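K.L.:
Would you mind keeping the following structure in view while I ask a few things?
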Amino acid sequence: MRVLKGFGLLALSAALLVVSCGHAQEAKGPSPADSLAALSATTPPLTGPELERYSSISGHFFDSMLAGRFNGSVLVAKNGVILYERYRGFENPRMHRDSVTAHTSFHLASMSKTFTAMGTLKLWQDGKLDIHDPVAKYLEGFPYPAVTIETLLNHRSGLHNYVHFMYKPDVNKRKLLGNVDVLNYIIKHFRDRDIYSGVSNRHFEYSNTNYALLALIIEKVSGLPYPEFMSRTFFEPLQMQDTYVYTLADSAKSMASFYQSGRPFRMEFLDLVYGDKNVYSTVRDIYKWDQALRNGQLFSKGVLDSAYAGYSFEKPGQRNYGLGWRELFIPNGKKLIYHNGWWHGNRTVFIRMLDENATIIALTNNDYRNVYASKRLCDLFGDYRQGREKFDEGEMDSTDPGPGGGEPHEGLTAGNVAPAPPAVAATGPAVHHHAKRRAKRVSVKKKIS
């Protein structure tokens with residue numbers, strides 16, 4: 001990916017902001033002594049010159065990036081102050097119809113996993129489940145006793161990606177499938193090594209299957225449909241008024257996604273599976289989510305420490321995965337918390353610098369890959385050393401927890417399509433691009449990206 005114009009100014013400014021800090025220790029569970037208000041932050045307000053400087057550099061950085069084909073929204077904030085916010089393009093970029101606004105909800109793709117993970121951890125904190133329990137305790141018929149809720153959360157379950165194995169010839173691709181269909185397929189074909197490696201908690205493998213099953217566990221424990229649980233637990237209390245979990249009832253209002261050429265993606269047979277994807281939101285609502293996670297409003301410090309810890313150390317390197325969060329452990333001791341997304345033309349970025357109380361959010365629906373270069377702005381706020389590092393989707397293999405590579409070809413924004421099964425496209429799978437090795441076992445017509 002090309003270095004963005006104006007990065008020289010950014011690097012010069014960032015050089016003045018070198019900060020060192022040790023990264024958090026891994027925690028195994030919530031402590032009874034933790035207070036829900038333990039993370040109430042007392043961050044100093046930005047002064048006039050600081051505010052002007054941060055805003056100016058953020059604007060220069062993103063104005064350069066947005067000069068391309070970007071169609072979406074961006075927000076940058078620090079210490080509770082929005083430094084930069086911009087909306088560019090149209091809900092239908094091909095027809096130049098309906099301008100993108102602050103209330104335009106984008107398919108978050110794998111950013112949705114942050115909600116599924118924290119929903120699971122909320123049930124843990126409330127004593128309604130234990131993440132160390134086997135999945136079979138909650139999902140009747142689940143055939144792998146060694147797989148626990150925790151290994152679903154940190155992608156160490158050994159379960160392969162349903163986007164691959166559900167594309168086999170015996171699956172009816174003219175029918176819209178859901179989470180229960182994924183579970184039933186696993187139960188029916190439990191001996192198939194394309195579904196399960198045979199060993200749990202041996203290594204990291206990013207898999208949408210884990211989060212599709214977590215959504216079912218949330219439903220089982222809470223007694224609520226996943227969309228309703230998310231609304232009651234997070235969206236309504238945080239006044240995230242433009243955020244929802246997609247169902248067919250939302251087809252008329254949800255925004256479609258597009259190829260770079262402007263051609264829209266068609267709805268596909270796996271588009272109704274949620275937990276791994278299918279949360280729609282805006283940059284302002286995601287910022288509310290970010291702030292609620294910081295200020296102790298929802299979770300104890302023990303739970304958050306568990307969420308932000310690293311769990312996969314088989315390979316040396318900076319990349320890791322917590323419980324629903326990607327992480328970069330910088331050699332100087334800094335830690336970057338984030339999650340990207342990619343599903344069809346939806347490409348999304350959610351970057352959190354906990355030490356500096358800074359956040360970068362970018363959402364797009366026209367397959368604009370340069371959106372992942374947003375992480376370079378991290379160097380403005382701290383010594384994150386991201387100016388020359390890649391942060392793309394798909395730059396690592398299935399056993400290496402990496403920067404957004406590992407997000408699926410999450411391509412399914414199912415907006416503006418007819419709900420009838422004949423409207424379902426069955427021409428090819430939406431594929432996780434970091435599982436290229438395993439993809440050779442799947443007969444597909446689409447190129448795996």
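The values are calculated or read from the model by the stated rules, or taken from the named source; none is laboratory data. Not measured: the values here are computed from a predicted model. Quick reminder, even Gly has a Cβ in these numbers, built from the backbone with ideal geometry, and neighbours come from all protein chains shown. Just so you know, the surface numbers come from the protein's heavy atoms only, side chains and all, with ligands and any DNA or RNA stripped out. Shrake-Rupley method; radii C 1.70, N 1.55, O 1.52, S 1.80 Å.
K.L.:
Leaving out ligands, DNA and RNA, what percent of the accessible area of the range 109-235 is carbon and sulfur, probe 1.4 Å?
P.N.:
Values: 2150 of 4350 Å².
Reported share for carbon and sulfur atoms: 49 percent.
K.L.:
What ranking do 222-231, 310-319 get when scored by the average of other Cβ atoms within 10 Å per residue, highest first? Please list the in-between numbers first.
P.N.:
Details: 222-231: 18.0, 310-319: 15.0.
Descending mean neighbour count gives 222-231, 310-319.
K.L.:
So what does R369 come to for accessible area, using a 1.4 Å probe and Å² rounded to 10?
P.N.:
So the heavy atoms of R369 present about 120 Å² to solvent.
K.L.:
When the C-alpha atoms of the range 235-324 are aligned to their principal axes, what extent does each axis show, in angstrom, from largest down?
P.N.:
Ordered largest first, the range 235-324 gives principal extents of 42, 37, 23 Å.
K.L.:
Report the per residue volume, in Å³, of the convex hull enclosing the C-alpha atoms of the range 87-226. Don't skip to the end; give the middle numbers.
P.N.:
Details: hull volume 21.4 nm³, N = 140.
Measuring per residue, one finds 153 Å³ for the Cα hull of the range 87-226.
K.L.:
Mind listing the phi-derived Karplus ³J(HN,Hα) values for the range 173-185, rounded to whole Hz, using 6.51, -1.76 and 1.60 with θ = phi - 60°, and x for any glycine or proline?
P.N.:
These are the phi-based 3J(HN,Hα) values: 8, 8, 10, 6, 9, x, 4, 5, 5, 5, 4, 4, 5 Hz.
K.L.:
What relative contact order, as a whole-number percentage, does the range 258-366 give when Cα pairs under 8 Å and 6 or more residues apart are counted?
P.N.:
Answer for the range 258-366 is 22 percent.
K.L.:
Then there's this: Quickly rank 129-140, 205-216, 148-159 as a protection proxy: mean count of other C-beta atoms within 10 Å, highest first. List each step's numbers first, then the result.
P.N.:
Values: 129-140: 16.8, 205-216: 26.7, 148-159: 25.0.
Ranking the peptides 129-140, 205-216, 148-159 by packing returns 205-216, 148-159, 129-140.
K.L.:
Suppose a student asked you for the relative contact order of the range 61-127, using Cα pairs under 8 Å spaced at least 6 residues apart; what percent would you report? Walk me through the numbers before you get to the answer.
P.N.:
Working: 54 pairs, mean separation 12.9, N = 67.
The normalised contact order for the range 61-127 reaches 19 percent.
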